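Enquirer: Quick one: structure below, then a few questions.
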Amino acid sequence: METRYIGKNVDRPDAIDSATGKLMFCAEKRFPDMLYAKTFRSTQTHAEVLEIDVSKAAQLEGVVAVATAEDLPGVNIHGIHALDQPVLVPVGGKVRLPGEPIAVVAAESIEIAEKALELIEVKYKPLEVLSDPELACLESSPQVHDKRIVREYEYSIGDVERAFSEADVVLEYTQHLSRQEHAYIETEAGISFYDSDGILTLFAPAQEPFNTRQQVARALAIPESKVRAKVPNLGGSFGGKQSMTVQIHTALLTYMTKRPVQMIWTREESMLFSTKRHPGRFYYKIGATKEGMITSMLVDFLLDAGAYADQTPGVVVSAGATAIGPYFVPNIKVYGKGVYTNNPISGAFRGYGGPQATISVERAIDLLADKLGIDRVEIRRKNGLKTGDKPGNAVMVLDSRVTLNDTIEQALAMAGPKPMPSGKNKKVGRGIACCMPQFDVSAKPYNGLTGAGAEVELLVDGSVQVRTGVVEMGSGIKVALAMIAAEELVLDMNKVDVVLSDSMLTPKAGPTVASRAMYCCGNAVKAAAIQLKDRVNIKAAEIFQVPKDLIIWDNGKVYAQGKEDQAMKLSELARLCYVSGTNLVSSIFFVGTHAHLGHSFCTAVADVEVDEETGEVEVLFLGTSHDVGKMINPIGVKSQILGGGVQGMGWALMEDMKSENGQIIPKNLHEYPIPTANDIPKRTEIGIIEDPYPTGPYGAKGIGEHTNYTSTPAILNAIADAVQISLDKFPATPETVWRAMKNRQSDAKPLATCPSSVLEPSTVTV
Amino acid sequence: MTVLKMKLNGKQVEVEIKPSDLLLNVLRDKLGLMGTKEGCGEGDCGACTVILDGETVTSCITPALKAMGKEVITIEGLSDGKELHPIQKAFVEYGAIQCGYCTPAMILSAKALLDKNPTPTREEIKTAISGNLCRCGGYEYIIAAIQSLIKP
Amino acid sequence: MRRWEQYFTPQSLEEAIFLLDKYKGAGKIIGGGTDLIPQFRDNKEESKYLVDVTQIPEMKEISLLEDSFVIGGAVTHAQLAGSQDVYNYAQVLAEATVCVGSPQIRNMGTISGNIVNAQPAADGAIALTALDAQVHITSADGEKVVPITELYRGVGKSKVDSTIEVISKIEFKKIDKVQNVSSAFERLASRKALALPMVNVAVCLKTTGGQFDWARIAIGPVAQMPFRPFLIEDELRGMPTDEESIRIIAEEVSQLVQPRSSKLRGSADYRKEMVKVLVGRALMKAIARLGSEPY
Ligand SMILES: Cc1cc2nc3c(=O)[nH]c(=O)nc-3n(C[C@H](O)[C@H](O)[C@H](O)COP(=O)(O)OP(=O)(O)OC[C@H]3O[C@@H](n4cnc5c(N)ncnc54)[C@H](O)[C@@H]3O)c2cc1C
Ligand code: FES
Ligand code: FES
């Protein structure tokens, strides 16, 4: 079908703003009487707070307010999936990780606020620290919270034990996963102030304004109707800006001082106290026939939630749902859990537990293939889900064509022949990784999400405003929604404006997570535009004296079919509607109709060159094929794929937010390296499959997170292929690879091990 | 207090500053030029990059008085307000912008490169932007945008 | 962040010395500030008066003389990395300085700052150590010339007291292939820009008839300062420039060094092994640069 915008590259108006330096982020708002806020943070990892003395700080000239837990009028608690985190740790309470906020200061300048922090005195009684998640469930381990397990996941089908006993080959493998930092370039920043109506207003670094509104209102004991949260633009988030960071603190200080308060976290604070991608380990036991058909899979995984629950309940479920990979396995048992420790808080990070599972299963599949002596691609083709199969979890239904093989073939075709090593001591390897990533479809409450609201309004000058609660954090959702409205209303793009993420102006649309914004809000905006057009057409039909399905909209003009010469301007029609009482705001709350989760498929192929002497890895090629259903804005989709791929590459090769006894080791962006332009793959290819999703807007599926699943395992598999090492631990830094190669010579045994907790989930306390 | 005189985006400016001010803070807080961002304050991310006498510098660790009598170009100095600068245009068209936080600085690094070397190789482009971290886009489309400006 | 109170930008060396002398220890030289400003930010630096030497014309020059180089004290990494003369006649320095940080850091950071900051793996200083650079230090008491190897007191501690002294220039013999002298630099880091080295190695050497005349090897960070294995350098004299000798030498150097384990930049045993690899590679590369194959 000929489209106006859908499927064509459209420039983002907000990109023009950022290219000219005009795009507004939270740190850009300024008020003349604004105060600057800083946080006093715990230096202890696990300790009871005995005494807090802020009196000297409060007396410092230029300090306007110092707030501790005592100043909080409402409930001293926040959290996303579970309320277990104090806004400010009180006397008698305990700190559970370094960096935890104990007091916040508002002062006339940042320098004064910083000085005030030096005057705050806190006495602690140190407690024993729990830093090893494997020990979290032992009775003898220190207790971080009343309960030890944040969330468990269980899924089983068939009889794994019988299947293992009948299998020709059984493989065991344990993959350890390092902790990844989001490392968005914009640190957490926010501002709060009272507007002229006395509404406490926040510019918040959040992936959803409504959650901020709710949490601030609860902590301050004021009605939600008296709080307005607005997210201007996010300088990157990737899941990392979902929890409360600066919001409640600035709001409290504004509440106390009645003045605007701004807080900007330093990079060190961001690294210290923002959430991370869950580290952990996945144990696999896989049974197969000698022909390579997988008959059973047992998975036991453990995710380190860190000091607070945050998103762990959701991440555990999502990891569990991805653990079997895009394969058909008749006998399955998956058990997993997320546990409390005194480590950095783990939260949402692009893929939400799915990448951890994907890395693990894709490494295990390679090792199984090796054990069977079967080609690593062949084993994936053989065991890949087919249309109509039941996937390895209870939350997905394969209700559209399975395009796994399409992505495999496309990725391999893009890869071409394997490159030759560039010199002596260099080894080249190729890796493949497949996945069935998920996206939320707002069908049932899954991880706390349901539904997405959107409004489309026709104004009497013929322009259109789209309003919805999702956030623009770089993915290009804003322009995509404008494209949908312009497509449906047959308007020029410059006639459509999109307003996002303002709890007072935009309908609630759920958080901008789970690759759901396009599917959910895209559907909502599309339906709202159609509804609006339909409503206006009733008036037009009356005017033109024809049935309403003969009304044509064309670039701001409206006419009856065949009577273009008698066209009326849309603005005129809007005015007539307006004066005759037609509601020109159409509003839709989209709720999905099928499975809990949508799904799509992707495959990555990576070529690497490993320096056998130093362990250095160079990515020669990364090619990823994604079934995206339909590209709404192709350039936006492809740029997501590039970015997600490189993020995954960073995790594979260099990123590790190490901690020791709960204290993080990297404190800045050179101690925690992320890829620079010099580190990207020498060659990159993007493959697109467009197999329309039956219920997606124009057939679109989710994409944002999906780009982050397969590059990591494809690169790890390629390294393993090049130099025959296990990589059960990564990132594959030069030293890690070197050490693995060294151990390979002395000990060439199979690498699978079995953690003791497996098969005994019921022995742990919940 | 002291007076910093510099040529900023083509115009002579004088601004009262503290001798200990950093260039980034003068630009953002004293002159309201918010296009220059802070991502780390330590020279590690490049989000605060401006062009000082033709060379890129990270303004977060540059004492403002280093700009005395010199020429500073920030992102606000690239377009005249009507037409986008060709680099800005290319960044928008080539999908080189996602969250846009790294973008102003990235464009300035591209400008400093192209001003000196109108026909850079892929490797030269990569190196020229290697001090500008972008966490969103994986650099490939940024490189493509810059390459599109190379005149054969 | 701590702050300085006043900032001076003298136009001559004399003026700079005068200012330092006037403030008697409360002042300090600033070059690019790429080390100093972060130190202020971390509250580790508390000088009250900063004296910026980057506007002193003679300190910004790179001069290639008959058989030596004179590098002004305020010359930046970018200047060195971009200089054709340096590339032709001190390649090790060009290769080292192009690895420093990022373009922005290279545009600001100076070679003297790299020395005075006294990190044992500072890339520029490692190259200058292999070049056996002589450092000209000026103060109110006059000028002295000190070999770079004698400027270190410990990690991060320089014998140059930049509250009273200025590095005005740095001098070293040019590396001329015509005289069978050559140099090379090798480096290992966690990524390809904006990364401090896990190990770096600079070598300068001269050969005659397939034998080492002399070689200088500088390695970081394996000691409190850029490290030179003097005894092994002596041993090298007269050895053939073949792969086997280089392997033996690299092995010996690796046995000698005592790198520390760093949680972020590599364990001791890995670094030790990498010293072997990089010393070997640097020597091979330098020899290859003399035109003939390394045996
Ligand atoms: C992001 C980043 C990345 C970096 N990467 C690297 C890297 O890869 N490799 C590397 O080696 N370094 C690196 N550095 C460190 C730094 O850039 C270099 O050491 C640089 O050479 C320091 O020079 P400067 O002129 O900026 O020194 P400044 O910060 O100005 O001064 C440093 C010290 O030297 C003194 N000093 C400066 N000039 C003189 C002089 N002429 N006479 C006497 N004393 C003087 C100062 O008083 C001060 O004590 C990096 C720094 C940053 C911020
Ligand atoms: S803010 Fe200046 S380099 Fe990061
Ligand atoms: S576009 Fe987000 S950091 Fe570059």
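Enquirer: Taking a probe of 1.4 Å, how large is the accessible area per residue of the stretch B:2-77, in Å²?
Expert: Result: 31 Å² per residue.
Enquirer: Turning to a different aspect of this structure: For the protein assembly as shown, what is the Kirkwood hydrodynamic radius in Å, using each pair of distinct C-alpha atoms?
Expert: 31.9 Å is the Kirkwood radius here.
Enquirer: Here's something else I'd like to know. When the Karplus curve 6.51 cos²θ - 1.76 cosθ + 1.60 is applied with θ = phi - 60°, which whole-Hz ³J(HN,Hα) does each residue of the stretch A:608-620 get, with x for Gly and Pro?
Expert: 10, 10, 10, 8, 5, 8, 9, x, 5, 10, 10, 7, 7
Enquirer: Treat the stretch C:177-288 as a sphere of radius equal to its Kirkwood radius over Cα pairs and apply Stokes-Einstein at 37 °C in a medium of 0.692 mPa s; give the translational diffusion coefficient in µm²/s, rounded to a whole number.
Expert: 234 µm²/s
Enquirer: Over chain C, what is the relative contact order in whole percent, taking alpha-carbon pairs under 8 Å and six or more residues apart?
Expert: Reported relative contact order: 15 percent.
Enquirer: P(r) of the stretch A:482-523 in 10 Å steps, Cα pairs, percent per bin?
Expert: That works out to 26, 46, 28, 0, in percent per bin.
Enquirer: For the stretch B:86-147, list log₁₀ I(q)/I(0) at each q in 0.24 Å⁻¹, using the Debye formula over Cα point scatterers of equal strength and ignoring solvent, two decimals each.
Expert: One equal scatterer on each Cα of the stretch B:86-147 leads to -0.96.
Enquirer: What ratio of Cα Rg to 2.2 N^0.38 Å holds for the stretch B:2-77?
Expert: 0.95
Enquirer: Once label points are set 7 Å from the Cα along Cα→Cβ at both residue B:117 and residue C:237, what is their separation, rounded to one decimal in nm?
Expert: 4.2 nm
Enquirer: Taking the alpha-carbon centroid of each part, what is the distance from the stretch C:159-221 to the stretch B:72-148 in angstrom?
Expert: 34 Å
Enquirer: If you take the beta carbon distance between residue A:258 and residue C:244 as r and set R0 to 60 Å, what does 1/(1 + (r/R0)^6) give as a FRET efficiency, to the nearest 0.05?
Expert: For R0 = 60 Å, the calculated efficiency reads 0.15.
Enquirer: Heavy atoms only, probe 1.4 angstrom, no DNA, RNA or ligands counted: give me C:214, C:4 ranked by accessible area, highest first.
Expert: Final ranking, largest accessible area leading: C:214, C:4.
Enquirer: Across the Cα atoms of the stretch A:378-510, what radius of gyration and what greatest pairwise Cα-Cα distance (Dmax) are found, in Å?
Expert: Rg and Dmax of the stretch A:378-510, Cα atoms, are 22.3, 72 Å.
Enquirer: Same structure again: Report, in listed order, any pair from C:157/C:263; A:258/A:667; A:333/A:386 with a Cα-Cα distance greater than 25 Å. Provide the component values of the computation, followed by the final result.
Expert: Numbers: C:157/C:263 22 Å; A:258/A:667 34 Å; A:333/A:386 21 Å.
With Cα atoms farther than 25 Å apart: A:258/A:667.
Enquirer: Moving on to the next point. Using a 1.4 angstrom probe on heavy atoms only, work out the carbon and sulfur share of the accessible area of the stretch A:224-284 in %.
Expert: 51 percent
Enquirer: Report the Cα centroid-to-centroid distance between the stretch A:580-603 and the stretch A:165-229 in angstrom, as an integer.
Expert: 23 Å
Enquirer: For the stretch C:42-140, what are the per-bin percents of Cα-Cα distances with bins 5 Å wide, up to the bin holding the maximum?
Expert: It works out to 2, 12, 23, 27, 19, 10, 5, 2, 0, 0, in whole percents.
Enquirer: Then there's this: Using a 1.4 Å probe on protein heavy atoms only, how many Å² of accessible area do B and A hide from each other, summed over both chains and rounded to 100?
Expert: Roughly 3800 Å² of accessible surface disappears when B and A pair.
Enquirer: Explain nothing, just the number: relative contact order of chain A, from Cα pairs under 8 Å at least 6 residues apart, as a whole percent.
Expert: 16 percent
Enquirer: Could you tell me how many cubic angstrom of Cα convex hull volume the stretch A:532-650 has per residue? Can you show the working numbers first?
Expert: Details: hull volume 23.2 nm³, N = 119.
About 195 Å³ per residue, rounded to a whole number.
Enquirer: Please compute the net charge surrounding residue A:36, taking Lys and Arg as +1 and Asp and Glu as -1 over other residues with Cβ under 12 Å from its Cβ.
Expert: Counting the neighbours of residue A:36, the net charge comes to -1.
Enquirer: Averaged over every viewing direction, what's the projected area of the C-alpha convex hull for chain C? Give it in nm², one decimal, please.
Expert: Its Cα hull, projected and averaged over all orientations, spans 14.6 nm².
Enquirer: Starting from the Cα of residue B:18, draw a straight line to each of the aspartates and glutamates and keep only those under 12 Å, dropping any in the same chain fewer than 8 residues away.
Expert: Excluding near neighbours in sequence, the set is C:5.
Enquirer: Give the accessible surface of the stretch B:86-147 per residue, rounded to a whole number of Å², with probe radius 1.4 Å and ligands, DNA and RNA excluded.
Expert: Here the per-residue accessible area is 27 Å².
Enquirer: Okay, moving on. Kindly provide the helix-only [θ] at 222 nm of the protein assembly as shown, computed as the sum of -39,500 (n - 2.57) over DSSP H runs of four or more divided by all residues, to the nearest 500 deg cm²/dmol? Present the calculation step by step, with values, prior to reporting the outcome.
Expert: Numbers: 32 runs with 334 residues, N = 1213.
Computed mean residue ellipticity for the protein assembly as shown: -8000 deg cm²/dmol.
Enquirer: When the accessible area of the stretch A:288-446 is computed with all protein chains present and a 1.4 Å probe, what percentage of it is carbon and sulfur?
Expert: 59 percent
Enquirer: Quick one: pull the percent of accessible area on the stretch B:2-77 belonging to carbon and sulfur, 1.4 Å probe, ligands and nucleic acids left out.
Expert: About 46 percent, which is the carbon plus sulfur part of the accessible surface.
Enquirer: Per the Debye formula with a single identical scatterer at each Cα and no solvent contribution, what log10 I(q)/I(0) holds for the stretch A:589-657 at q = 0.16, 0.25, 0.29 Å⁻¹?
Expert: -0.76, -1.19, -1.31
Enquirer: Here is a further query. Roughly how many Å is it from the Cα centre of the stretch A:304-383 to that of the stretch A:670-686, as a whole number?
Expert: If we compute the Cα centre of each part, the gap is 25 Å.
Enquirer: If I take the Cα coordinates of the stretch C:1-175 and project them onto the principal axes, what are the three extents in Å, biggest first?
Expert: Principal axes ranked by extent give 43, 32, 29 Å for the Cα atoms.
Enquirer: Simple spin-label model, 7 Å along Cα-to-Cβ: residue C:141 to residue A:194 in nm?
Expert: 6.5 nm
Enquirer: Something else about it: Could you count how many Lys pairs in the stretch A:442-590 have their Cα atoms under 13 Å apart, skipping same-chain pairs fewer than 8 positions apart?
Expert: 5
Enquirer: Return the long-range amide H neighbours of residue A:237 (sequence gap of 5 or more, or a different chain), with a cut-off of under 5 Å between placed amide H atoms.
Expert: none
Enquirer: Let me ask another. Among the aspartates and glutamates, which fall within straight-line cross-link reach of residue B:70, defined as a Cα-Cα distance under 18 Å, with same-chain neighbours fewer than 8 residues apart omitted?
Expert: Straight-line reach from residue B:70, under 18 Å: B:14, B:16, B:21, B:53, B:55, B:115, C:52.
Enquirer: Run the quick spin-label model on residue A:550 and residue C:46: label points 7 Å from Cα toward the beta carbon, then report their separation in nm to one decimal.
Expert: Those two pseudo-labels are separated by 8.9 nm.
Enquirer: Cross-link candidates for residue C:174: which lysines have Cα within less than 19 Å, leaving aside residues fewer than 8 places away along the same chain?
Expert: Straight-distance partners of residue C:174: C:60, C:206, C:285.
Enquirer: My understanding is that a pair violates if its Cα-Cα distance is over 23 Å; which of C:192/C:276; C:144/C:177; A:638/B:89; B:126/C:169 do that in this structure?
Expert: Exceeds cut-off: C:144/C:177; B:126/C:169.
Enquirer: Suppose every K and R has +1 on its Cβ and every D and E has -1 on its Cβ; what is the size of the dipole of the protein assembly as shown about the Cα centre, in Debye to the nearest 20? Intermediate values should be presented prior to the final figure.
Expert: Values: 129 positive and 147 negative charges, 221 e Å.
Using Cβ point charges on Lys, Arg, Asp and Glu, the protein assembly as shown gives about 1060 debye.
Enquirer: While we're here: How many Å² of accessible area per residue for chain A, probe 1.4 Å?
Expert: On the way: 25380 Å² over 766 residues.
Spelled out: the 1.4 Å probe surface of chain A, per residue, equals 33 Å².
Enquirer: Then there's this: Put simply, what bits of the stretch A:225-241 lose 30 Å² or more of accessible area when the other protein chains are there, versus the chain on its own (1.4 Å probe)?
Expert: Relative to the lone chain, where solvent access is computed with a 1.4 Å probe, the stretch A:225-241 loses at least 30 Å² at A:238.
Enquirer: Can you tell me the alpha carbon radius of gyration of the stretch A:442-590 divided by the globular rule-of-thumb value 2.2 N^0.38 Å?
Expert: 1.09
Enquirer: I'd like to know how chain B sits against the 2.2 N^0.38 Å rule of thumb: what's its Cα Rg over that expected value?
Expert: Here the answer is 1.02, to two decimals.
The values are calculated or read from the model by the stated rules, or taken from the named source; none is laboratory data. Since this is a predicted model, take the numbers as computed values, not measurements. With ideal geometry, Cβ positions are generated from the backbone for all residues, glycine too; neighbour counts draw on all protein chains shown. What goes into the accessible areas is simple: the full protein's heavy atoms, side chains included, and nothing from ligands, DNA or RNA. Shrake-Rupley method; radii C 1.70, N 1.55, O 1.52, S 1.80 Å.
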